[in-house]
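A.B. asks: Here it is, the structure in full.
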Amino acid sequence: LKNKIPTEFSPIMHSDQGWHYQLPYYTSELKKMNFKQSMSRKGNCLDNAPIESFFSLLKREYLNNFEIKNIEMLTKLTKDYLDFFNNHRISLKTKGMTPIEYRNHSIKNHLI
């Protein structure tokens, strides 16, 4: 299963109603990748709680340890943390697995 989502699955991309999430380029890319787009209602941030939690972890666990000099450094640090978060960081919420292990475990059990 590696890191790929099977084509028969359709992940959901939650976001707020920011203008950048409504751009035709963005929405067409989501469709190409078989993602369903879900926007929270105006004034309702509950749909965004998981990503807000992630950004809080990113800042607390990682970015606060660096003096960020430029956008290139921020981009590299963010990519490094995403790799760590998805492939190495275990959590009680994911039964002691990394997010990718948990997703693959869930997909495997769903296909059985």
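The values are calculated or read from the model by the stated rules, or taken from the named source; none is laboratory data. These figures come from a predicted structure and were not determined experimentally. Cβ atoms come from the backbone with ideal geometry, glycine included; neighbour counts cover every protein chain shown.
A.B. asks: Could you count how many residues in segment 22-51 are of a type outside the set (G, A, S) and modelled with pLDDT under 80?
C.D. replies: Going through segment 22-51 one residue at a time, the tally reaches 10.
A.B. asks: If you scan segment 58-76, which residues turn out to be out of contact with any Asp or Glu (no Cβ under 9 Å at 6 or more places or on another chain), under 19 Å from T98 (Cα atoms) and of a type outside the set (D, E, K, R)?
C.D. replies: L58
A.B. asks: Hey, another quick one. Hey, which of the helices (runs of 4 or more DSSP H) in segment 39-112, taking only ones fully inside, have at least 1 residues that are surrounded by fewer than 10 Cβ atoms within 10 Å (Cβ to Cβ) and among the small types (G, A, S)?
C.D. replies: Passing ranges: none, list empty.
A.B. asks: Exactly one condition in (1) touching a helix residue (DSSP H, G or I) at 6+ places or on another chain (Cβ under 6 Å); (2) touching a residue at least 40 places away in the same chain (Cβ under 8 Å) is false for R103; which is it?
C.D. replies: (1)
A.B. asks: Within the group L74, L63, L58, which residue is aliphatic (A, V, I, L, M) and within 26 Å of I5 (Cα to Cα)? Explain how you work it out, then say what you get.
C.D. replies: Numbers: L74 fails: within 26 Å of I5 (Cα to Cα); L63 fails: within 26 Å of I5 (Cα to Cα).
Being aliphatic (A, V, I, L, M) and within 26 Å of I5 (Cα to Cα) holds for just one of L74, L63, L58, which is L58.
A.B. asks: Sticking with this structure for a sec: From the set of residues in segment 14-26 that are without any contact (Cβ under 8 Å) to a residue 12 or more places away in the chain and in contact with a helix residue (DSSP H, G or I) (Cβ under 8 Å, 6 or more places away or on another chain), which is farthest from K4 (Cα to Cα)?
C.D. replies: Applying the filter and picking the extreme gives H20.
A.B. asks: In segment 18-30, how many residues are part of a helix (DSSP H, G or I) and surrounded by 11 or more Cβ atoms within 10 Å (Cβ to Cβ)? Steps first, please.
C.D. replies: Filtering segment 18-30 down to residues part of a helix (DSSP H, G or I) leaves 19-22, 24-30.
Narrowing the set further to residues that are surrounded by 11 or more Cβ atoms within 10 Å (Cβ to Cβ) leaves 21-22, 26-27, 29-30.
The total comes to 6.
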